[in-house]
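Laboratory data are not the source of any read-out in this text; all were calculated from the coordinates shown. Keep in mind that this is a model prediction, so the values were computed, not measured.
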Amino acid sequence: MSQVPRRGRLAALFGRSSNGRPSTLLREPVELTGAAAARGYRPQYLLRPVNPLFIWGTLAAAFLLNLLPWGRMPGVPDFLAVALIFWNVHQPRRVGMGAAFVFGLLMDVHDASLFGENALVYTLLSYGAISLHRRILWFPVGLQILYVAPLLLVAQVVLLLLRMWVGATFPGWSSLLDSLVGALIWPLVTWILLAPQRRPVDRDETRPL
């Protein structure tokens, strides 16, 4: 296999070919075909660094949404679980299983249920999201639902089993609608939580990015 000279590689990287002419590497879009297209590769927009205050503010807002009276109605998703999955996927180094455990304890205090059940479920949910975060981000937002829905369903089933183990009655299959609705709102949640990080669509030709 022939090797490209180092000078040629650097020249192409900065927009020049080895003979001094403009290179198309950074100027022209490339249409991928074959194996690359089959794997679902798509270009990613550059995002601004996320503000830590925004991360914890959105998690606190999701926690407050769970405290509203509608939280016990069928079909109402666990907003905190969805927010935890989002930040576990997009910022696994900032929001990990420790944060999920603490928020789970807060939910246990609010629900006045078996202390630690929500903490255990949120920790398992966070572990699954962090383990799959690279694979989830490889797919478009619409297809990410296929990963988010099983994570929410498994977490809800574990929570139901824990409650039934200590004497609670089965609430019915309609209770599983919570996880399905939570997965369906994933594209909306992604659009809202990534909005502050998106760069302007109009490119400034005077800047490299």
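Taking Rh as the Kirkwood radius, which is the inverse of the mean 1/r over Cα pairs, what is the Rg/Rh value for the range 77-209?
Working: Rg = 17.0 Å, Rh = 15.9 Å.
That ratio is 1.06, to two decimals.
Remark on the range 44-99: ratio of C-alpha radius of gyration to 2.2 N^0.38 Å is 1.27. In order along the range 125-140, the phi-based Karplus estimate (6.51 cos²θ - 1.76 cosθ + 1.60, θ = phi - 60°) of 3J(HN,Hα) comes to 4, 5, 4, x, 5, 5, 5, 9, 5, 5, 5, 5, 5, 6, 9, x Hz; Gly and Pro are listed as x.
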